[in-house]
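Below you'll find the structure, written out as structure tokens, and then a few comments.
The values are calculated or read from the model by the stated rules, or taken from the named source; none is laboratory data. Worth saying up front: this structure is predicted, and the values here are computed from it rather than measured. Don't worry about glycine lacking a Cβ; one is built from the backbone with ideal geometry, like all the others, and counts go over all protein chains shown. Side chains are part of the model used for accessible areas, which takes the heavy atoms of the whole protein and leaves out ligands, DNA and RNA. Shrake-Rupley method; radii C 1.70, N 1.55, O 1.52, S 1.80 Å.
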Amino acid sequence: MCDTVRDTMRADDGTMERDLSDGKTIRFRGTGKSEIHVSPHGKRVENVDLPRYRSQFSDGQATAQKQRISLMQFLRTELTRGYQLEHDEERFSARREKVYSFIKIPKEVEKFMSYGFLQCADSFLFVYTFLPLRFAMALWAVITRPLRHCLRSGKVRTKNAEKYLSPAEVCDLLKGVVVVGCWAATWKVDTSMMYHLVKSQSVIKLYIFYNMLEVGDRLFSAFGQDTIDALLWTATEPRTRSRSTRAKHLGTLPHLFFALAYVLLHSILVLFQATTLNVAINSSNKALLTIMMSNNFVELKGSVFKKFDKNNLFQLSCADVRERFHLTMLLLAVTLQTMKEYAWHSDRLAVLLPDCIMLLFAEVLVDWVKHAFITRFNELPSTVYRDYTVSLAYDMAQTRRETAFSDPSDLVARRMGFIPLPLGVAMARVLCTTLTPSARPANLILFLLAYLILVALRILNSLIILGKACDIISSHAQGDRNDVGVKSSTQDRANSGVNMKDPNLGTAIFSNSAVSLNNVCLNDAFLESEEPQKSEKLQCNVDELTSVTKTVLGLRTGSEPLLSQ
């Protein structure tokens, strides 16, 4: 019987050897129950399990038959194939949130830029409204206070004659000297010769020249405020300090010459910018205007594909606010010069306004696209611009405190890079060239009315931005309280033994949630927040908000001024 079984297995081996190719040794894994034997052709096969081999062979033939489908079956499968997006719900939800954030960016950007634009307008109007009055008061104090001290007794004079002027009056006096001196120096610049010199150049030269002026304007803005701050600190540094503690400096007069040179050069550069823009708008060939508009879109290449964090984006946003206000003032200067050349005809204004609106619209559109893609590529939420607005609101509130360390215009210049003195000198030069009335009583009355209108606009603008600052600070303080409550509840939950990192909790974590922007003020005084002092900081913010609100609404008592502007 054993011989019969062995012969049967050898016959099956022969059948398998015919199916396989010659010269190869095949090893199969079996169950270990079959014997080890040698085939008659000298090929060794170990642990052969014939039923399994036959089943696998039949399955392979069946699979080959199943893979043989027709073209119609393939088309039917492609047309009727189904899938469900809910199998990857987290990813698609994150993509939807990114799209919503992308759509919200223009609205949030415009909220921030409108508030920053009002601050720039407040700083610019201060040069024409309150700075002349403060300069006149400081000049009057320089004349009258020494005489008053001389008429007093010797005891009182030695006690009160330490300083004739306060630091704020010294700063106002120096600013007035710089503005008046540079304005008088700009009269040596012939704007008509400048216009014909720019107009005689080719389009390409004007395009390169305008780009050079724009770069120079940014460099002057970055360096100019340091020059003015150095002048003001050198003039108002306390003299009571010892020479070892006081920093060495060149003196007030050299710093005054540096500031005069800076403001004069920057004002001439702004006049060149206005002249180039005037040539581009009023020329019959609109090629230069088109090239200048396309220059805004070239800006996208230099900023969109860079890495930006929260602070860098804040600096870029402030620079965009300053650039938009600067372009608005340049277009106003171009409009005044053009209307004067055409004898103030309304028909020319109708031709001029579309080009100006087109330039502003191109600037706004580029800002929208730029910020939308920057936040998209750097995974920043749209609410980051609210934090930037909070930072500007805290800046505005700090300048109205009794312990303020800077004028509002100077603080706006440090934050946004907008320096109102050069632009104010250039606009004063344009206004004096455009409006040349004679010294008649009617003209003097019109000049006084125009000044009162500017003062009213400045007061209205200040009230708007101060009221907005109070609302923003109060809402931010309320948000801080809510964050503290949520944090305390989270700590209680953590103490109760709940593991927040458990993946079974089912919390959807989007890509934007990886960036935490809670309590971002971007002010140095507010960035240093520690956890043990959280409640104390909230109380300080509430007290500061109360004091600022009382200052704005005039609720303070006493003889002190309401707004120390």
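Using a/c under 1.5 as the rounded threshold, could you call the stretch 210-341 rounded, prolate or oblate? The axes a ≥ b ≥ c are square roots of the C-alpha gyration tensor eigenvalues, and prolate needs a/b larger than b/c, oblate otherwise. Verdict is oblate for the stretch 210-341. Rolling a 1.4 Å probe over the protein heavy atoms leaves His326 with an accessible area of roughly 20 Å².
With all protein chains in place and ligands, DNA and RNA left out, the 1.4 Å accessible area ranks Lys307, Lys107 as Lys307, Lys107, largest first.
Accessible surface for Met329 stands near 20 Å², nearest 10, in the context of the full protein assembly shown (1.4 Å probe).
Ranked from largest to smallest solvent-accessible area, with a 1.4 Å probe on the protein heavy atoms, Tyr210, Tyr83, Tyr164 come out as Tyr83, Tyr164, Tyr210. For the stretch 79-213, averaging the sequence separation of C-alpha pairs within contact (under 8 Å, six or more residues apart) and dividing by the residue count gives a relative contact order of 21 percent. A probe of 1.4 angstrom, applied to the heavy atoms of all protein chains, finds Lys286 with accessible area near 80 square angstrom.
Quick check: net charge around Val179, other residues with Cβ under 12 Å of its Cβ, Lys/Arg +1 and Asp/Glu -1?
Net charge in that neighbourhood comes out at +2.
For the residue pairs Lys188/Lys340; Lys310/Lys370; Lys104/Lys301; Lys205/Lys307, the alpha carbons lie more than 24 Å apart in Lys205/Lys307. For the stretch 212-319, the list of chymotrypsin sites (Phe, Trp or Tyr not before Pro) that fall in a loop by DSSP and count at most 14 other C-beta atoms within 10 angstrom reads Phe305. For the stretch 317-371, applying the loop criterion from DSSP together with a ceiling of 16 other beta carbons within 10 Å to the chymotrypsin sites (Phe, Trp or Tyr not before Pro) yields Tyr342, Trp344.
Sorting Arg76, Arg324 by solvent-accessible area of protein heavy atoms yields Arg76, Arg324, largest first, with a 1.4 Å probe. Whenever you get a sec, compute what percent of the accessible area on the stretch 305-446 sits on carbon and sulfur atoms (1.4 Å probe). Answer for the stretch 305-446: carbon and sulfur cover 65 percent of the accessible area.
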